[in-house]
Amino acid sequence: MLFDSNKDWGKYRVSIERWEIVTGLHVPPPLEEVESVTRLSSKFTEWMMGLEAGWVTGRGLSRKDELKACGNGVVPQQAELALRLLMEGKK
């Protein structure tokens, strides 16, 4: 199992484990600390969308723009399902 059992995810543990299995991607830390400020990690938002590490992050964007890209993005699994359902309706 990919899940880091040393982390306490509380009531989200089952969901985190399931998403790791579905995507095959390790969960990154959800928070990062910068200059004594704890904030949401853009790598975590990228992971929640089912995107491979580096799909949005690590491309020279600011954290703000990384989060904006994830927020405005489409979860590939949802898009695939929507297209499949639309195509089935055309038969």
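The values are calculated or read from the model by the stated rules, or taken from the named source; none is laboratory data. Every value quoted in this text rests on a predicted model; they were computed, and no experiment measured them. When we count neighbours, we look across all protein chains shown, and the Cβ atoms used for this are built from the backbone with ideal geometry, even at glycine. Surface areas here come from the heavy atoms of the whole protein model, side chains and all, with no ligands, DNA or RNA. Shrake-Rupley method; radii C 1.70, N 1.55, O 1.52, S 1.80 Å.
State in Å² the accessible area per residue of the chain; use a 1.4 Å probe, count heavy atoms of protein chains only, and round to the nearest integer.
On the way: 6810 Å² over 91 residues.
In whole numbers, the chain has 75 Å² accessible per residue.
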- Note on the structure: Expressed as a whole-number percentage, the relative contact order of region 5-44 with C-alpha contacts under 8 angstrom and at least six residues apart is 26
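For region 13-91, which GluC sites (Glu not before Pro) are in a loop by DSSP, counting at most 15 other Cβ atoms within 10 Å?
Numbers: sites: GLU17, GLU20, GLU32, GLU33, GLU35, GLU46, GLU52, GLU66, GLU80, GLU88; in loops: GLU35, GLU52.
Hits after loop and neighbour filter: GLU35, GLU52.
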- Message: Quick check for you: which residues of region 17-42 have the amide N under 18 Å from the point 7 Å beyond the Cα of TRP9 toward its beta carbon?
- Response: 17-32, 40-42
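With the cut-off at 1.5 for a/c, could you classify the chain from its C-alpha gyration tensor as rounded, prolate or oblate? List each step's numbers first, then the result.
On the way: a/c = 2.69, a/b = 1.40, b/c = 1.92.
Oblate, because a/c is 1.5 or more while a/b does not exceed b/c.
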- Please go through region 1-88 and write out the trypsin sites (Lys or Arg not before Pro) that DSSP classes as loop and that have at most 10 other C-beta atoms within 10 Å. ARG59
- Item | Cβ-Cβ FRET estimate between LEU25 and LEU85, R0 fixed at 30 Å, reported to 0.05 | 0.75
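Keeping the other protein chains in place, figure out the carbon and sulfur percent of the accessible area of the chain, with a 1.4 Å probe. Don't skip to the end; give the middle numbers.
Values: 3840 of 6810 Å².
On the chain, the fraction of accessible area on carbon and sulfur atoms equals 56 percent.
Over the chain, what is the relative contact order in whole percent, taking alpha-carbon pairs under 8 Å and six or more residues apart? Mind dumping the intermediate values first?
On the way: 74 pairs, mean separation 16.4, N = 91.
Relative contact order comes out at 18 percent.
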